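The values are calculated or read from the model by the stated rules, or taken from the named source; none is laboratory data. Being a predicted model, the structure only gives us computed values, none of them experimental. FYI the Cβ positions are ideal-geometry reconstructions off the backbone, even for glycines, and counts take in every protein chain you see. SASA here: full protein model, heavy atoms, side chains in, ligands and nucleic acids out. Shrake-Rupley method; radii C 1.70, N 1.55, O 1.52, S 1.80 Å.
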Amino acid sequence: MNKTIKILALTTNQNLISEIEEVGSADIGEPDCKLINPFLIKEDNVLEPFLINITKDDEFMMGSDKILTLCEPMPTLLEKYLNLTK
């Protein structure tokens, strides 16, 4: 099974890179995107695990209403992400 890895621009003005799965059976208002190993993209494309200061979880549920857009990562950023998530 191929991983779907995307850049997520959030409504909070943060950018994440993450493996993403759509959860099709979610009820209206419930989180409908599963983020697996999300990393916050910091200045100079430094990657920091998402919510590292408050949890050790590596899977998060998020509502698609919190995501402005999804896009493909640049090859160098994708390679960096894949190396961190091996």
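So which residues in the range 16-41 are free of Cβ contacts under 8 Å to residues at least 60 places away in the same chain and open to solvent by less than 30 Å² (accessible area, probe 1.4 Å), if there are any at all? I'd like the intermediate steps shown before the answer.
Residues of the range 16-41 that are free of Cβ contacts under 8 Å to residues at least 60 places away in the same chain, as a first pass: 16, 18, 20-41.
Those that are free of Cβ contacts under 8 Å to residues at least 60 places away in the same chain and open to solvent by less than 30 Å² (accessible area, probe 1.4 Å): Leu16, Ser18, Ile20, Cys33, Leu35, Ile36, Pro38, Phe39, Leu40.
As a summary of the residue check, Leu40 satisfies the conditions (1) out of contact with any strand residue (DSSP E or B) (no Cβ under 7 Å at 6 or more places or on another chain); (2) in a strand (DSSP E or B) except for the one numbered (1). Once the range 1-15 is narrowed to residues that are loosely packed, with under 14 Cβ neighbours inside 10 Å and among the β-branched types (Val, Ile, Thr), the residue that is nearest to Ile36 (Cα to Cα) is Thr4.
Within the bounds of the range 61-81, is there any residue that is in a strand (DSSP E or B), open to solvent by less than 30 Å² (accessible area, probe 1.4 Å), modelled with pLDDT of 95 or more and not aliphatic (A, V, I, L, M)? No, the range 61-81 has no match at all. What pairs come out if I take residues in the range 57-84 that are at positive phi and in contact (Cβ under 8 Å) with a residue 12 or more places away in the chain and pair them with residues that are open to solvent by less than 60 Å² (accessible area, probe 1.4 Å) and in a helix (DSSP H, G or I) whose C-beta lies under 6 Å away, six or more apart or interchain? Note: no pairs meet the criteria.
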